[in-house]
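Notes for the one structure printed next.
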Amino acid sequence: MVSPLLRLLPDIKLKNWAGNFEYGTENLYTANSVEQARDFVKKQAKLKVLGTRHCFNKIADSTNQFLSMKPADELLSVNAEERTVTVNGSMTYGHLCPLLHEKGFALHNLASLPHISIAGSCSTATHGSGDKNGNLATAVSALELITASGDLIQLSRKRDGEPFSGAVAGLGALGVITKVTLDVQPAYLMRQYVYLNMPLDQVKEHFEAIESSAYSVSLFTDWRNKNVNEVWIKSRLEEGQAFAPAPEFFGAKAATRNFHPIAELSAENCTAQMGVPGPWYERLPHFRMGFTPSAGKELQSEYFVPRQHAVEAILAVERLHQHVSPHLLITEIRTIAADDLWMSPCYKQPSVTIHFTWKQDWPAVRKLLPTIEKELAPFKPRPHWGKLFTMPAAELKSRYEKLPDFIALCKTYDPGGKFHNDFLNRNVFGA
C-alpha cells in the first residue's frame, strides 16, 4: 500500500524534455522527504527515479513505478573549510549555481545547459568542455543514497576509495541518490567569445593549440564545406588564464553579435558573448536557465574517443558529411580530462566528444548511427549513456574494463535488481 504522503500524479503521458521519448508508465510518485522515499523504495519490487527527463534513450525508463524527489531541490550546506557544498540530488545546476555564487564559491565546470539535475548528470557522466576539466561527476566527493532494501548509506571519496569511484557515475543502478557533496572553489568571472567559419584544415593542423587556448573551447560544425561554423571560447578572468581576443582565430573571424550554436536560431536563449564579463555560471553553459535550450525539438547522440585520436575521428565523420548533414542541426566537438570513475566514458583516458544534435526524425537517425559507429570503430568510441546509439551491447561492454567490478558493486546494494530496467539489462548486466 502506498503511503498517503506519496502522491500519484494525474494520468498523463510522461515524455522527455525534447518530446521524442515516451516513458513506459505514468505511475509517478513524489516524495517530500528522504523518509518517505525510503518507505516507498522498500515496498516496491521494481522502480526507477525520474529526474529532469533530459535523457534521449531508455536508461531512466520504467514500466512499473517512478519516484520523483523533485520537491526537495534545496541547498543544504556549504563547508568553506573543506570547500564543498552538499545539495539534494534532485536539485538542478541552474538552481544551485546562483546560490553558490552568492556565498563566494563556484563549480569547476558546467554542461551546455543548466536545466539538468545534479544526481542525473553525474550518474550519466555528463560533461562540459576544457582540456583540464573532468566531467561534472569528477566534482562529487560524497553521496547519500537509498539502497534497494530502503537503507540509507553514505559513500565518500576519502573513506570509500574504489567503491566510491564505481558509485558516482552509477547509471541509476545502485539506488536513489538523495544527497550529493560537490567540490567547490572560489567564485570567478568569465568572458565568452565566438569566432565564425574556421577552415577544417586549421582543426586538422592545430587541434591541440585551438583546444588549449582557453578554459573551455567548443567547435560547432554542420560538416558542410570543410568548415567549422562557430568556435565558442570561454575564458576565466584570472592571471595566466585570460584569452587574448583578436580579429582572427586560426582563420576564423570574430563575431560582431551574439550567436546561437545553430546560427539561424535566435541568440536570446544563449549566454552572453562578445567578451562581456559575467559570473562563471552565466558563461560556462551555452544556454540560459529559463529559456529553451538548444533547438528544443531534437534528438542527440554523442561519442567519446581517446584524445590522441581526435583529429582522425573528426576527419572520419567528415567523410560521411553527405549522409550526416541532411539530418543534422549541429555537431559540437569538445575535450574532457580523464577521470577514475569506473563507468565514465573518460575513465583513464582524456577524451574528445563528437556530439550530434539531430532533426527529430528517428527512423533516419537510427539508420545513420550504425554508419557513424562503424566509421569511429577503429578508435573504440564510448557513447554517452543518456543519448541515442545503436552500438551492440557486447561491443559497448568491452570498452569498460571495470564493468565486472561495477556489476558486483550493484549486487551489493541491489541484489534483486530492483533498479534494473531493459536498458541496463541489455547494455550493462547482460540479461
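Mind checking which pairs have a first residue in region 300-321 that is over 28 Å from residue 21 (Cβ atoms) and a second that is among the aromatic types (Phe, Trp, Tyr), Cβ under 7 Å, 6 or more apart or different chains?
Every condition considered, the pairs that remain are 306/379; 309/379; 310/207; 311/207; 312/379; 318/223.
Residue by residue through region 222-250, note down the ones that are under 13 Å from residue 194 (Cα atoms) and surrounded by 14 or more Cβ atoms within 10 Å (Cβ to Cβ).
Hits for region 222-250 are 228, 229, 230, 231, 232, 233, 234, 235, 243, 245, 249, 250.
Please report, ordered by residue number, the strands (runs of 3 or more DSSP E) entirely within region 93-183 with at least 2 residues that are in contact with a Cys (Cβ under 7 Å, 6 or more places away or on another chain), buried (at least 22 other Cβ atoms within 10 Å of the Cβ) and without any contact (Cβ under 8 Å) to a residue 60 or more places away in the chain.
none
Mind listing just one residue for me: the one in region 388-431 that is small (Gly, Ala, Ser) and part of a helix (DSSP H, G or I) and, of those, surrounded by the most Cβ atoms within 10 Å (Cβ to Cβ)?
393
Check region 354-363 and report whether any residue there is outside any loop (DSSP other than H, G, I, E, B), over 27 Å from residue 194 (Cβ atoms), more than 15 Å from the chain's Cα centre (by Cα) and not basic (Lys, Arg).
yes
So which residues in region 257-272 are modelled with pLDDT of 95 or more and more than 14 Å from residue 112 (Cα to Cα)?
Answer for region 257-272, where residues must be modelled with pLDDT of 95 or more and more than 14 Å from residue 112 (Cα to Cα): 257, 258, 259.
So in region 225-254, with the set limited to residues that are under 23 Å from residue 355 (Cα atoms) and of a type in the set (A, V, I, L, M), which one is farthest from the chain's Cα centre (by Cα)?
Of everything passing the filter in region 225-254, 252 is farthest from the chain's Cα centre (by Cα).
For every residue, the table says whether it meets (1) in contact with a Ser or Thr (Cβ under 7 Å, 6 or more places away or on another chain); (2) more than 19 Å from residue 127 (Cα to Cα).
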residue: 154; (1), (2): no, yes
residue: 159; (1), (2): no, yes
residue: 168; (1), (2): no, no
residue: 187; (1), (2): no, yes
residue: 201; (1), (2): no, yes
residue: 214; (1), (2): yes, no
residue: 232; (1), (2): yes, no
residue: 245; (1), (2): no, yes
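Please work out which one of (1) within 23 Å of residue 322 (Cα to Cα); (2) buried (at least 16 other Cβ atoms within 10 Å of the Cβ); (3) not β-branched (Val, Ile, Thr) is the condition residue 385 fails and give its number.
Evaluating residue 385 over (1) within 23 Å of residue 322 (Cα to Cα); (2) buried (at least 16 other Cβ atoms within 10 Å of the Cβ); (3) not β-branched (Val, Ile, Thr) leaves (1) as the failure.
Within the bounds of region 415-428, is there any residue that is closer than 24 Å to residue 136 by Cα, free of Cβ contacts under 8 Å to residues at least 24 places away in the same chain and not assigned by TED's automatic domain parsing to the domain that holds residue 368?
No; the residues of region 415-428 include none that is closer than 24 Å to residue 136 by Cα, free of Cβ contacts under 8 Å to residues at least 24 places away in the same chain and not assigned by TED's automatic domain parsing to the domain that holds residue 368.
Tally the residues that are assigned to a loop (DSSP other than H, G, I, E, B) and over 16 Å from residue 220 (Cβ atoms), restricting the search to region 267-280.
Matching residues across region 267-280 total 5.
Sort out which residues of region 205-214 are in a helix (DSSP H, G or I) and either under 18 Å from residue 242 (Cα atoms) or touching a Leu at 6+ places or on another chain (Cβ under 7 Å) (or both), and write them in order of number.
208, 209, 210, 211
Looking only at region 365-395, which residues are free of Cβ contacts under 8 Å to residues at least 60 places away in the same chain and either touching a strand residue (DSSP E or B) at 6+ places or on another chain (Cβ under 7 Å) or β-branched (Val, Ile, Thr) (or both)?
371, 390, 391
I want to confirm something. Restricting to region 30-71 and keeping residues that are basic (Lys, Arg) and in a loop (DSSP other than H, G, I, E, B), which single residue is surrounded by the fewest Cβ atoms within 10 Å (Cβ to Cβ)?
46
Between a residue in region 270-282 that is more than 13 Å from residue 258 (Cβ to Cβ) and any residue that is at pLDDT 95 or above and among the aromatic types (Phe, Trp, Tyr), which pairs come within a Cβ distance under 8 Å, given they are 6 or more apart or on different chains?
Listed by first residue and then by second, the contacts come to 280/188.
The values are calculated or read from the model by the stated rules, or taken from the named source; none is laboratory data. On a predicted model such as this, the values are computed, not experimentally measured, just so you know. As a convention, Cβ positions derive from the backbone with ideal geometry for all residues, glycine included, and neighbour counts pool all protein chains shown.
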